[in-house]
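Q: Just dropping this structure here.
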Amino acid sequence: MIASRNMPKISVIIPTLNRKEILKTTLGSFVDQTFTDFEVLVADDGSTDGTGEMVKSLDLPFPVKHLWHENAGRSAARNMGIKAAEGDIILFVDDHIILDKRFIEEHVKAHDRYKKSRVGAVRGYVEFIEGPSQAPPQPRHLTPLKKIKLFFEYRDPLRFYTHNVSVRKEALVKIGGFDEDFKEYGFQDQECGYRITQAGYKIRFNPNAVGYIFKAVFNFEKECDKARQAGRSAALCRKKHPRFGLRCGANPFNLLLYHIFSARNNWWLRWNKGKDCAKLFYFALGVWEGTHPDQPRKTIPT
């Protein structure tokens, strides 16, 4: 589909930090898009690995801007991208995603379809794959039952993930963009989605806007640290939005779990050493730390 004048130009924002080779793969998946009236803004949150030089070296058939600031968190990086964006629609993706060729076209179509119904955001569909080579040439068929299930689930701001979501710029401007108090991993997406719905906008789902999230290189220690950061971010969300923060996990149940798991010299962590379920311990720990910011951070023995 060739873009025409009555179709909105769309700005794609990709936050990143020190993952230039992964980002390079993602940028390559934009080449064959059926909708061509778009720009890409790489919102670089302080990379020191030559990300900017890599972006400038690419010969791509679409405009790419590399924006950089000192490390301030993903919320600040996305806001940097929003300020520089020229499109009426802002499409957020992660730096480790492979796009179906109709990805951008489907986001634009959805916003056109809902133009008169106060829809401020459209969520696409993602599949998780091990590596870029596993992305199928055509999107897999979703059953009608699954489409209906996701249609209702994705209206909930708790499912507002910016690895594949487009938002009308007017909605982002109205709410003031992402909250830059969220400097760590976790819940800045959902908190933004919550404020979008509180401002009177709706979130809708387009199953035909398909992206494939491939694994970035993380070790188990890094995954546990992300879970701990997410717990602290959930606690911050509860301070700002008490009821919604409870749904994010900053609730008495997880605080109780922390006290249970940390008893007897952190028995839960020692028993689950090396297992994914240990991340539950770290999330509960993060909730406790975020709820008690005046207490010193704990060093957990390995």
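Read-outs: derived from the displayed coordinates by stated rules, not from any lab. Computed from a predicted model, the values in this text were never measured in an experiment. Glycine also receives a Cβ, built like all others from the backbone with ideal geometry; neighbour counts cover every protein chain displayed.
Q: Work out the FRET efficiency for A72 and T143 from their Cβ-Cβ distance, taking R0 = 45 Å, and round it to the nearest 0.05.
A: 0.60
Q: Right, something else. Set the bar at 20 Å for Cα to Cα. Now go through K149/K279; K83/K226; K202/K239; K20/K215; K174/K240; K65/K183 and name every pair that lies beyond it.
A: K149/K279; K83/K226; K202/K239; K65/K183
Q: Using only the Cα atoms of the range 98-253, what are the Rg and Dmax in Å?
A: Computed over the Cα atoms of the range 98-253, radius of gyration and Dmax are 16.5, 47 Å.
Q: P(r) for the range 39-122: what percent of alpha-carbon pairs falls in each 5 Å bin, starting at zero?
A: 3, 12, 20, 22, 20, 12, 7, 3, 1
Q: Now for a different question. What GluC sites (Glu not before Pro) in the range 110-164 are in a loop by DSSP, with at most 13 other Cβ atoms within 10 Å of the Cβ?
A: E130
Q: Let me ask something additional. Taking the alpha-carbon set of the range 49-95, what are its Rg and Dmax in Å?
A: Spelled out, the Cα radius of gyration and Dmax of the range 49-95 are 11.7, 32 Å.
Q: Can you work out the PRE-style zone for D181? Point 7 Å along Cα to Cβ, and I want the residues of the range 222-238 with backbone N under 19 Å.
A: 229-238
Q: Return one quarter of the surface area of the convex hull spanned by the alpha-carbon atoms of the range 10-214, equal to its mean projected area, in nm².
A: Numbers: hull surface 42.8 nm².
For the range 10-214, the mean projected area of the Cα convex hull comes to 10.7 nm².
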